[in-house]
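J.: Below you will find the structure I want to go over with you.
No lab work stands behind these numbers, since they all come straight from the coordinates. Please read all numbers here as calculations on a predicted model, not as lab measurements. All Cβ positions, glycine included, derive from the backbone under ideal geometry; neighbour counts span all protein chains shown.
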Amino acid sequence: MLALTAVLTACSEAESTDARQSAAESVKEITGPPACTATARLIPSCGAWWGIAPEVFTGAPVDQALHGAEARMDATADVVHVYHRGSELFPTKAEIRLARDPARPRLLMINWKPSLDHTWAEIADGALDDRIERLARHVRRTFPERFFLTLHHEPENDVDTASDSGMRAGDYAAMFRHVVLTLRAEGVRNAVMVMTYMGAPNWAAEPWFEDLYPGDDVVDWVAMDPYADDRVQDFDGLVNKTRKEYPGWTGFYRWMQARFPGKPVMVAEWGVFERPSDRAFKRAFFESVRAQIKRYPQIKALIYFDSPQAPRGDTSFDSDSAADRAFNALARDPYFRSTPVPRP
């Protein structure tokens, strides 16, 4: 683990504009903490980004939802996670205002499903090139800042292994590559690309699992979307879910360490469901995140999915006062407050 961590650290430092002094020089000459910055791939040099998908499924506009969530957690977000599909153009005016807020700029994590009625194979073959090129023109015209972009997140759940489905794992990889390369050819160079997995052991055990990956040249970050279901007790169990029926699987974070030692890891969605039989569970879980996050130095962004009506339950962080206090303390932890968001 130490070797893998060193690789990521070296990668981040290579992109930094200032070389670090030796340990001896630091002890003798530096009286304050080193400056914390973000690299060209939006990797924070200190700690991790704190983010949120705010008040999802409530119908609130994104700016209202974010300001509401930030007021509820008594802290601001570094990253706001937003969702788009089909021919929608992004960032929207409201999203741009949030990103360019002079008092508190934010990074955008944009989650885009390019189509709900075309297969991955069709997209890879150019069926949506007009749509992709139109989006590229919009981005070039309205938003030169760097932003996170993920394509058809959690693809495992949509894989169809039939030979003619157009939705095989390899088709997903080809679709991802085609969209990224088309955007780049059209001048979009500010999108930091994120490959987002579900983070579930059952999918990782599938023989096609490795075929999903589009390639290092089109993926800047790798991400997982784990949720605290009845099998999970703390943050360690969340990011390294295992199941006895898959004895060879040691956990998603461990797999990412081995498979992508030089890439930053994003927990792009995570949520804690209500447990009627254990009302203290949310509070205890949020406390575990604060206690354990530093064990996972490759995780450079943590983005909470805040929704009172998520598909499998209530993940709102303030469903009771004790959970709210624990989450607020987590949101304000210095580990998530050490690197400032780059200003536009």
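J.: Along the charge dipole of region 2-336, which of Pro105, His118, Val192 sits closest to the positive end, that is, farthest toward it, with unit charges on the beta carbon of Lys, Arg, Asp and Glu (+1, +1, -1, -1)?
T.: So the residue furthest toward the plus end is Pro105.
J.: Now, a different point. Tally Lys/Arg at +1 and Asp/Glu at -1 over every other residue whose Cβ is under 15 Å from the Cβ of Gly248; what's the total? Mind showing how you got there, number by number?
T.: Numbers: positive: Lys241, Arg243, Lys244, Arg254, Arg259; negative: Glu206, Glu210, Glu245.
For residues surrounding Gly248, the net value is +2.
J.: DSSP loop (so not H, G, I, E, B), at most 14 other Cβ within 10 Å: list which GluC sites (Glu not before Pro) in region 185-264 pass both filters. Could the numbers behind the result be given before it?
T.: On the way: sites: Glu186, Glu210, Glu245; in loops: Glu186, Glu245.
When the GluC sites (Glu not before Pro) of region 185-264 are filtered for loop state and at most 14 Cβ neighbours within 10 Å, Glu245 remain.
J.: Which one, Thr339, Gly271, Ala291, is farthest towards the positive end of the dipole of the chain when Lys and Arg carry +1 and Asp and Glu -1 on their Cβ?
T.: Toward the positive end, the furthest listed residue is Thr339.
J.: Follow-up. What is the set of long-range amide H partners of Lys113 at a cut-off below 5 Å, with H atoms built 1.01 Å from backbone N?
T.: Distant-sequence amide H within range of Lys113: His84, Arg85, Gly86, His152.
J.: Rounded, prolate or oblate: which one fits the chain, using the alpha carbon gyration tensor with axes a ≥ b ≥ c (rounded when a/c is under 1.5, else prolate when a/b beats b/c, else oblate)?
T.: Working: a/c = 1.27, a/b = 1.14, b/c = 1.11.
Rounded, since a/c falls under 1.5.
J.: Shifting gears a bit: How would you rank 315-324, 158-167, highest first, on the average number of other Cβ atoms within 10 Å across their residues?
T.: Numbers: 315-324: 19.0, 158-167: 13.1.
Answer by packing, highest mean first, reads 315-324, 158-167.
J.: Given H placed 1.01 Å from N in the peptide plane, which residues other than close sequence neighbours of Trp49 have an amide H under 5 Å from its amide H?
T.: Ala301, Leu302
J.: Would you work out the relative contact order for region 2-336, in percent, from Cα pairs under 8 angstrom that are 6 or more residues apart? Present the calculation step by step, with values, prior to reporting the outcome.
T.: Details: 573 pairs, mean separation 66.8, N = 335.
So the answer I get is 20 percent.
J.: Within 10 Å of each candidate Cβ there may be at most 16 other Cβ atoms; applying that plus a DSSP loop requirement, which trypsin sites (Lys or Arg not before Pro) in region 234-319 survive? Don't skip to the end; give the middle numbers.
T.: Details: sites: Lys241, Arg243, Lys244, Arg254, Arg259, Arg279, Lys282, Arg283, Arg290, Lys294, Arg295, Lys300, Arg312; in loops: Lys241, Arg243, Lys244, Arg279, Arg312.
Counting only loop positions with at most 16 other Cβ atoms within 10 Å, the trypsin sites (Lys or Arg not before Pro) in region 234-319 are Arg243, Lys244, Arg279, Arg312.
J.: What net charge do the residues around Asp230 carry, taking every other residue with its C-beta under 14 Å from that of Asp230, with Lys and Arg at +1 and Asp and Glu at -1? Please report the intermediate quantities before stating the final value.
T.: Numbers: positive: Arg231, Lys241, Arg243, Arg275, Lys282, Arg312; negative: Asp229, Asp234, Glu274, Asp278.
Its environment carries a net charge of +2.
J.: Also: Under the classification rounded if a/c is under 1.5, otherwise prolate if a/b is larger than b/c and oblate if not, where does region 95-212 fall, given a ≥ b ≥ c as square roots of the Cα gyration tensor eigenvalues? Walk me through the numbers before you get to the answer.
T.: Numbers: a/c = 2.85, a/b = 1.57, b/c = 1.81.
Oblate, because a/c is 1.5 or more while a/b does not exceed b/c.
J.: Return the lysines within reach of Lys113: Cα separation strictly under 25 angstrom, same-chain partners fewer than 8 residues apart disregarded; answer none if there are no such residues.
T.: In chain and number order, the partners are Lys93, Lys263, Lys300.
J.: Another question, then. Taking other Cβ within 10 Å of each residue's Cβ, how do Phe209, Phe260 sort, fewest first? Let's see the in-between values first.
T.: On the way: Phe209 15, Phe260 20.
If I rank by nearby Cβ atoms, fewest first, I get Phe209, Phe260.
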